[in-house]
Each structure stands twice: as structure tokens, then as C-alpha cells.
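Derivation of every value follows stated rules applied to the coordinates shown; laboratory data play no part. As the structure is a computational prediction, the values presented were derived from the model and not from experiment. Don't worry about glycine lacking a Cβ; one is built from the backbone with ideal geometry, like all the others, and counts go over all protein chains shown.
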Amino acid sequence: MVHFGVFVLGFSLALWSFTAAHAEDKGRRLIGPGQPIEASEGDDVILPCSVSPDYNVEALTVEWSLPDLKPDPSDRLSRVDYVFVYRKRREEVDMKLRAFVGRTELFEDELKVGNISLKISNVTLADAGKYRCFIPKLEGGVKEAVVRLVVEPRANSTLTTETQTYSPTPEPNRETGVEVGRPPLRTLVVCGCIALVVVVAGFGVAYFLLKRCVREKKTLHHLIKPIPASLLNVI
């Protein structure tokens, strides 16, 4: 009877362990954030995604892709939409989109606890959209999750763009480099020089005419002799 009781106890423990492990496998699932991840253009951003409960995925394949990416019409054979692929304990660079080469990475030290969050460096406006994290051979329930990334333009770049595209016409009463209703300084200088030349020329001509008149008067005075007094008496 004692041996039978030990047998029953051992069998019960084994059954319970198997059931608990099987239930745990069925309960594994990928979890993403419940709301969009926001970032500014040029920032580094982390897209959260992890296995719950914790599970070592170092030996599994991890994929990050863009589910809404449309194929390139100019290259119908191209079906590459991966942002990051982790396979056989290393990154598969050849399967990554060119725009993300050198800009995406996983936290490999965290794979042993099921953390497959993706880091994107120097995000651009084109990076905005839906991202899909996927573990094809994850035993249990949910094998994928979707993370939405929102990228906002930087304030200084927006201000610079608005400054370049908006150039209002100065109002007449607004202070600008040139006053409205007054001629430019260059025109005033030219007009002043012309007036000065005219005045000087006028003085020159007047002086010449005056000198000529004096000279003619002296010549006429020498030509006309005074009448003798004897002739005046006779007359």
C-alpha cells in the first residue's frame, strides 16, 4: 500500500507539471503597446514588443516588418519589407530594407527574457506607420503584435520652412530699407551734382559776358573822341 501511495503521488506530480507547462505554452503571446509611439524627426525611438510571460527567444527567429508597405511598381520581384530580421542568433542584413540599414537593432541581451523591442535611430518622417513584430515558431498563442509609430517634424525645421515660403509684401507705412515716397539717395546725389554743374556754368557764362561788356565799353570810349569847345561855341 505504501508503494502504491508513492506511485500515485509521483504520477500526480508528473501530471501536474505537464499540465502546468502545457498551459504555460498555450498562454505565451507577444504584447505590444496599447497606444501609438510618438517621436520627433531625428530622434532615436524604441518600439516595445515582448513575450508574456517571459520566455527565452535567443534560438528563435524574430522579424520586424512593415505590413502596409506596398511593393515597388518598378521592381515586381522585390518583396522585401523587413525592418529587422534575427535568425540563427544573428542579424540577417541582406533581408532588410535599404532605408533601415544601420538604423535598426534589437537588445540582444534581453532576448533571454523575451524582449524583442526594436530601436530605430535618427527617425525620419518616412518612418511613420505600422510595424509588425513576429516570432514564427513561438509555441502557444499570439505570435505577432503591431506597433504604430508617429513621427512629428521638428519645430525649428517647420519654422525655417514657413519663413522660406512666406514672404509678405511690405506695407507703405512699415519701416523698410527704402522709405516709400522718397527717391533713393543715389538719385539725390546725381541731381545735386547736375545742379551744381549748372550753377557753376551759369556763373562762368555771366562772368564771361560781364567781362566782355566791360572790354567793349572801354574800346568804344577810346574810339569816340570829345568835341572841341570851339565847335560847341559855334554851334
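Which FRET efficiency value, to the nearest 0.05, do you get for residue 87 and residue 154 by plugging their Cβ-Cβ distance into 1/(1 + (r/R0)^6) with R0 = 35 Å?
For R0 = 35 Å, the calculated efficiency reads 0.45.
Using each residue's phi in the range 141-154, evaluate 6.51 cos²θ - 1.76 cosθ + 1.60 at θ = phi - 60° and report the 3J(HN,Hα) Karplus result to the nearest Hz, with x for Gly and Pro.
x, 6, 9, 8, 8, 10, 10, 9, 10, 10, 10, 9, x, 5
Whole-Hz Karplus ³J(HN,Hα) for the range 52-68, in order, using 6.51 cos²θ - 1.76 cosθ + 1.60 and θ = phi - 60°, x for Gly and Pro?
Values per residue, Gly and Pro as x: 10, x, 3, 7, 6, 10, 4, 8, 9, 8, 10, 10, 10, 9, 10, x, 8 Hz.
Amide H of residue 117: which non-local residues (sequence gap of 5 or more, or other chain) have their own amide H closer than 5 Å, using H built in the peptide plane?
Under 5 Å from the amide H of residue 117: 49, 107.
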